[in-house]
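These notes are about the structure you will find just below.
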Amino acid sequence: MAEVNMNTEIVQPENLVYKRTELLTPNALSYCPGCGHGTTHRIIMEVIEEMGIQSETIGIAPVGCSVLAYDFMNIDMQQAAHGRAPALATAVKRLNPGKFVFTYQGDGDLAAIGTAETIHACNRGENIVIIFINNGIYGMTGGQMAPTTLPGMKSSTSPYGRDVAMMGNPLKITELVAQLPGTLYVTRQAVHTPVAVRKAKKAIRKAFENTKLNKGLSFVEVVSNCNSGWKMTPRKANEWMVDNMFAFYPLGDIKVNE
Amino acid sequence: MKELRLMKGNEAFAEAAIRAGADGYFGYPITPQSEVMEYLMAQKPHERTGMIVLQAESEIAAINMVYGGAATGKRVMTSSSSPGISLKQEGISYLCGAELPCLIMNAVRGGPGLGTIQPSQSDYFQSTKGGGHGDYRLLVLAPSSVQEMADFAGLGFDLAFKYRNPVLVLSDGAIGQMMEKVYLEPQRPRFTDEEILKNTPWATTGITPGRERNIITSLALESAKMEQHNLALQAKYRKMEEDEVRFEKIGCEDADYAFVAYGTSARICQKAIQLAREQGIKVGLMRPITLFPYPRKVISEMASRVKGILVVEMSAGQMVEDVRLAVNGRLKVEHFGRFGGIIPSPVEVVEALKKQIIGG
């Protein structure tokens, strides 16, 4: 291992260019090392801090690995039943129209058990933000096949790979919701490199800014990894994600209405 | 000043909810209670009071909208009928776990399954013993008139906020559909933002200066913490049992026998009392108004004064179990019921009393 030569003299307040946002609690993240949840949490909280809307924001946590998102996000939060976050968010926003409301959901939550709630919240054009973490697997329950698991991809309930003839096809729900008149902004991002993180943060900022327009729902998919569930090292998982997940779930804006 | 109107039970419930200062209604159409949402939509409550009414994509979405709204300290409600209420059970369990106040109305129809659209009382177990997963209780109010449909909307909201617990108004197709005169309360204002901050400091209204973030959840992964949460819930339910038991006694002073019945069955029994007394049979009615907390003590006391109890229900015999628990073997307790959407006639009820209790 290379020797690290730290020049501690430059660690002075006046040289501070970046720090952990205070909108993340001091609690240690419960996510696996290398998982994209932590980074996504951070950029959402940075956006809320930069917009100065901490006291006006209500977040909805799902069921899945991010069920405890409220342990890390220093804002008022509600925990939803599996898949139901968009229904909660609908009522929160309609009853509190001045607030910023977002859901944070994984692929099983949003694209399997919560498909109806997702599609109808999008179609009604609720003025909320949906952050959708797609890692192609059920992480928390131990790596089962998700609605977004790629063809041939192994999981604990598709141990020989997803056989689409038997198990059905992965669902590109982001392309699907982009078809609906109620969505204003639909984009697919990633957080595996500094460049991707900057782009994803910009997209999340745009999504939250859109809330003020009252013109519909903003939907930000973050294609992420699950190195534990995929049974790969963090680095290998990111490489596999770039080669396979991005090929099926290409990054970029899908719908941008003004 | 109360206003006198002639209304269906479902409409009276909806109108009373607006007047009780409801902030939001979230529902999905199902017979025999679709009049609730139809009435609300026609009333434009958004213009009257600012109340939000939204037709959801399913009963599941509707009850979760109730969860989201309740978690912001608002007076929110839903209504449905038996199959739809079954779909809401997940959400109801979460609402109880997260201790959120809300008002739910079930216009019970005959089951199981898709069953029938005719009135029934076969959801008693589901309403009073759990229904969803986990150890929880709903506070259950059973109206037997259009007037009580109206009264229990306001009372239901008040009790829900008093206990941070869902309140279920257990109606049925008959109470919901029949028209009676009803006295309506004057309009109560909706909660102001200041009142919500003051009265529901736990609500997720956005972090205000000087307070920690509020989290609404039913999750506690540590067993010790979850046990404490359950103990607190149980203490709350015991408190309801001490303070919120409601019932009505009719003709019990000189009674040799007693009917125990709620809702529509209690209305039938009132007529049956008249018929029986014309035949020289002294029978009274004990009508539980709260099905949880259940008036066990009153029934226990009554058991030492009458010779037999007939429990009349539009079910195969559900509440009869609670009456037997209260009586604890000291007295003959029998069940008479019609089900599948059939309402028993007063004559049938008197015959059942003679056959099963007096002559049996």
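The number of residues in region A:94-112 that are more than 10 Å from chain B (Cβ to nearest Cβ) and either more than 11 Å from the chain's Cα centre (by Cα) or over 19 Å from residue B:60 (Cβ atoms) (or both) comes to 7. Among the residues of region A:74-127, those that are part of a helix (DSSP H, G or I) and of a type in the set (D, E, K, R) comprise A:93, A:94, A:107, A:109, A:117, A:124.
Would you be able to say whether some residue in region A:222-239 is free of Cβ contacts under 8 Å to residues at least 24 places away in the same chain and buried (at least 17 other Cβ atoms within 10 Å of the Cβ)? There is at least one residue in region A:222-239 that is free of Cβ contacts under 8 Å to residues at least 24 places away in the same chain and buried (at least 17 other Cβ atoms within 10 Å of the Cβ).
When you check residue B:58 against the structure, is it within 14 Å of another protein chain (Cβ to nearest Cβ), at pLDDT 95 or above, surrounded by fewer than 19 Cβ atoms within 10 Å (Cβ to Cβ) and closer than 23 Å to residue B:218 by Cα, yes or no?
Taking the combined requirement at face value, the residue satisfies it.
Restricting the first residue to region A:51-75 and requiring it to be farther than 20 Å from residue A:94 by Cα, which pairs with a second residue that is aromatic (Phe, Trp, Tyr) meet a Cβ separation below 7 Å and a spacing of at least six or different chains? What qualifies is A:51/A:208; A:65/A:31; A:66/A:104; A:69/A:104.
Out of A:198, A:188, A:162, A:205, which single residue is part of a strand (DSSP E or B) and basic (Lys, Arg)?
None of the other options fit; the residue is A:188.
For region B:60-76, a residue qualifies if it is outside any loop (DSSP other than H, G, I, E, B) and within 22 Å of residue B:199 (Cβ to Cβ), and the qualifying residues are B:65, B:66, B:67, B:68, B:69, B:70, B:76.
Annotation: of all residues in region A:135-162 being under 18 Å from residue A:83 (Cβ atoms) and of a type in the set (A, V, I, L, M), the one that is farthest from the chain's Cα centre (by Cα) is A:145. Filtered by the rule that a residue be touching a residue at least 12 places away in the same chain (Cβ under 8 Å) and closer than 16 Å to residue B:12 by Cα, region B:35-52 gives B:35, B:36, B:37, B:39, B:40, B:41, B:43, B:45. When the residues of region A:81-93 are filtered to those that are facing chain B (nearest Cβ under 7 Å) and of a type in the set (A, V, I, L, M), the one that is surrounded by the fewest Cβ atoms within 10 Å (Cβ to Cβ) is A:81.
Would region B:41-51 turn up any residue that is over 18 Å from residue A:93 (Cα atoms), within 11 Å of chain A (Cβ to nearest Cβ) and of a type in the set (S, T, N, Q)? Checked region B:41-51: no residue is over 18 Å from residue A:93 (Cα atoms), within 11 Å of chain A (Cβ to nearest Cβ) and of a type in the set (S, T, N, Q). When we screen B:196, B:207, B:175 for residues that are assigned to a helix (DSSP H, G or I) and either charged (D, E, K, R) or within 14 Å of chain A (Cβ to nearest Cβ) (or both), the only hit is B:196. One residue stands out among those in region B:212-246 that are part of a helix (DSSP H, G or I) and of a type in the set (Ser, Thr, Tyr): the one that is nearest to the other protein chains (Cβ to nearest Cβ), which is B:223. All conditions but one from (1) at pLDDT below 95; (2) assigned to a helix (DSSP H, G or I); (3) surrounded by 10 or more Cβ atoms within 10 Å (Cβ to Cβ) apply to residue A:34; the one that does not is (2). Selection of region B:118-163 for residues being more than 21 Å from residue B:323 (Cβ to Cβ), assigned to a loop (DSSP other than H, G, I, E, B) and touching a Ser or Thr at 6+ places or on another chain (Cβ under 7 Å) yields B:132, B:133, B:134, B:136. Filtered by the rule that a residue be among the aliphatic types (A, V, I, L, M) and either modelled with pLDDT of 95 or more or more than 24 Å from residue A:223 (Cβ to Cβ) (or both), region A:11-31 gives A:11, A:16, A:17, A:23, A:24, A:28.
The residues on offer are A:39, A:21, and the sole one that is surrounded by 11 or more Cβ atoms within 10 Å (Cβ to Cβ) and within 29 Å of residue A:231 (Cβ to Cβ) is A:39.
The rows are residues; the columns are (1) within 14 Å of another protein chain (Cβ to nearest Cβ); (2) within 23 Å of residue A:206 (Cα to Cα); (3) of a type in the set (Asp, Glu).
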site: A:74; (1), (2), (3): yes, yes, no
site: A:148; (1), (2), (3): no, no, no
site: A:157; (1), (2), (3): no, no, no
site: A:175; (1), (2), (3): no, yes, yes
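Give the residues of region A:100-125 that are surrounded by 23 or more Cβ atoms within 10 Å (Cβ to Cβ) and of a type in the set (D, E, K, R), sorted by residue number. Within region A:100-125, A:107, A:109, A:117 meet the criteria. Only residues that are under 18 Å from residue B:129 (Cβ atoms) and of a type in the set (D, E, K, R) were counted across region B:312-356, and they come to 4.
Does residue B:254 fit the bill of being more than 22 Å from residue B:318 (Cα to Cα) and not hydrophobic (A, V, I, L, M, F, W, C)? For residue B:254, the condition - more than 22 Å from residue B:318 (Cα to Cα) and not hydrophobic (A, V, I, L, M, F, W, C) - is met. Being surrounded by 18 or more Cβ atoms within 10 Å (Cβ to Cβ), within 14 Å of chain A (Cβ to nearest Cβ), out of contact with any strand residue (DSSP E or B) (no Cβ under 8 Å at 6 or more places or on another chain) and closer than 20 Å to residue A:100 by Cα holds for only one residue in B:91, B:68, B:73, and it is B:73.
Just to be sure before I move on: is residue A:137 more than 14 Å from chain B (Cβ to nearest Cβ), buried (at least 24 other Cβ atoms within 10 Å of the Cβ), farther than 19 Å from residue B:217 by Cβ and hydrophobic (A, V, I, L, M, F, W, C) in the structure I sent? Against the criterion (more than 14 Å from chain B (Cβ to nearest Cβ), buried (at least 24 other Cβ atoms within 10 Å of the Cβ), farther than 19 Å from residue B:217 by Cβ and hydrophobic (A, V, I, L, M, F, W, C)), residue A:137 qualifies.
Checked against (1) among the polar types (S, T, N, Q); (2) more than 10 Å from chain A (Cβ to nearest Cβ); (3) in a loop (DSSP other than H, G, I, E, B), residue B:79 meets all criteria but (3).
The values are calculated or read from the model by the stated rules, or taken from the named source; none is laboratory data. On a predicted model such as this, the values are computed, not experimentally measured, just so you know. Heads up, the Cβs are rebuilt from the backbone with ideal geometry, glycines too, and the neighbour counts pull from every protein chain shown.
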